[in-house]
Amino acid sequence: MQKIGKFVVVAAAALSLAACGQDAKTETAAPAGPAVPSSNAAPATQSKGRECTADDIKTTGKFGEKPEITVPDDCDPPKKLITKDLSGGTGPAAAAGQKLKMNYLLVTWSDKKVLDNSYDRGEPFDLNLGAGEVIPGWDQGLTGIKQGGRRLLIIPPDLAYGEGGRGIKPNETLVFVTDAVSVADNRG
């Protein structure tokens, strides 16, 4: 398992853009993984009648600035991975096998609180995309991001921490804003 310091990497892996070259208003959804058993699950809450979209999540700040994330109260967390480019980058789109340096801020859906961020530490998180070093939501959600790009990731529990761990409640949906500080090709 990863060190607690690598929690950020795992959480950051949740970010996802399924196709490269999408503009800042594009939203993509990735198929959800297997259902998470509910034996230790938090009590079910009443549905709000619709799932949230990326456009329901409000963010502030530009690339390189510590963002703010506002999770709404009037819709349910999505059941599939949602990504949205908040600002484009330059150069080739990130693919499996590339080394990324990412800044990120994580807000938990259930209590709408910042759980972790790299901006305050002043040190981006390093990962090899697609290598399983982070949660599946990051490995899937960061695909296609370009250096200098900012992306919103909404990661369902089955692509995050499922039954919980590393300070995350059981069946928690995670919301990230990530900045691609660098995208380097180290595939040989």
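Are any residues in the stretch 168-184 open to solvent by less than 30 Å² (accessible area, probe 1.4 Å) and outside any strand (DSSP E or B), and if so, which ones?
Glu172, Thr173
So which residues in the stretch 52-72 are open to solvent by 80 Å² or more (accessible area, probe 1.4 Å), more than 24 Å from Glu123 (Cβ to Cβ) and acidic (Asp, Glu), if there are any at all?
Across the stretch 52-72, the qualifying residue is only Asp55.
What is the residue count in the stretch 61-98 for residues that are of a type in the set (Val, Ile, Thr) and either out of contact with any Ser or Thr (no Cβ under 9 Å at 6 or more places or on another chain) or free of Cβ contacts under 8 Å to residues at least 12 places away in the same chain (or both)?
Selection size over the stretch 61-98: 1.
Which residue pairs have Cβ atoms under 6 Å apart, sit 6 or more places apart or on different chains, and have a first residue in the stretch 36-60 that is at negative phi and a second that is open to solvent by less than 90 Å² (accessible area, probe 1.4 Å) and modelled with pLDDT under 50?
Listed pairs, sorted by first residue: Ala54/Glu27.
Please find, within the stretch 139-167, the residue that is nearest to the chain's Cα centre (by Cα) out of those that are crowded, with 24+ Cβ neighbours inside 10 Å and part of a strand (DSSP E or B).
Checking each candidate, the answer is Leu153.
In the stretch 97-116, is there at least one residue being over 16 Å from the mean Cα position of the chain (by Cα), at pLDDT 95 or above and either among the polar types (S, T, N, Q) or in a strand (DSSP E or B) (or both)?
yes
What's the number of the only condition in (1) among the aliphatic types (A, V, I, L, M); (2) more than 22 Å from Gly164 (Cα to Cα); (3) open to solvent by 30 Å² or more (accessible area, probe 1.4 Å); (4) part of a loop (DSSP other than H, G, I, E, B) that Ala131 fails to meet?
(2)
Restricting the stretch 118-128 to residues that are without any contact (Cβ under 8 Å) to a residue 60 or more places away in the chain and at negative phi, which is surrounded by the most Cβ atoms within 10 Å (Cβ to Cβ)?
Across the stretch 118-128, the extreme among qualifying residues is Pro124.
Name every residue in the stretch 73-98 that is out of contact with any Lys or Arg (no Cβ under 9 Å at 6 or more places or on another chain) and either open to solvent by 50 Å² or more (accessible area, probe 1.4 Å) or of a type outside the set (A, V, I, L, M, F, W, C) (or both), in order of residue number.
Answer for the stretch 73-98, where residues must be out of contact with any Lys or Arg (no Cβ under 9 Å at 6 or more places or on another chain) and either open to solvent by 50 Å² or more (accessible area, probe 1.4 Å) or of a type outside the set (A, V, I, L, M, F, W, C) (or both): Pro77, Pro78, Lys79, Lys80.
In the stretch 71-86, what count of residues is obtained for those that are under 15 Å from the mean Cα position of the chain (by Cα) and under 19 Å from Thr60 (Cβ atoms)?
6
The values are calculated or read from the model by the stated rules, or taken from the named source; none is laboratory data. Nothing here was measured: the structure is a model prediction, and the numbers come from that model. Virtual Cβ from ideal backbone geometry, glycine too; neighbours counted across all protein chains shown. To get the accessible areas, we keep the full protein, side chains included, count just its heavy atoms, and leave off ligands, DNA and RNA. Shrake-Rupley method; radii C 1.70, N 1.55, O 1.52, S 1.80 Å.
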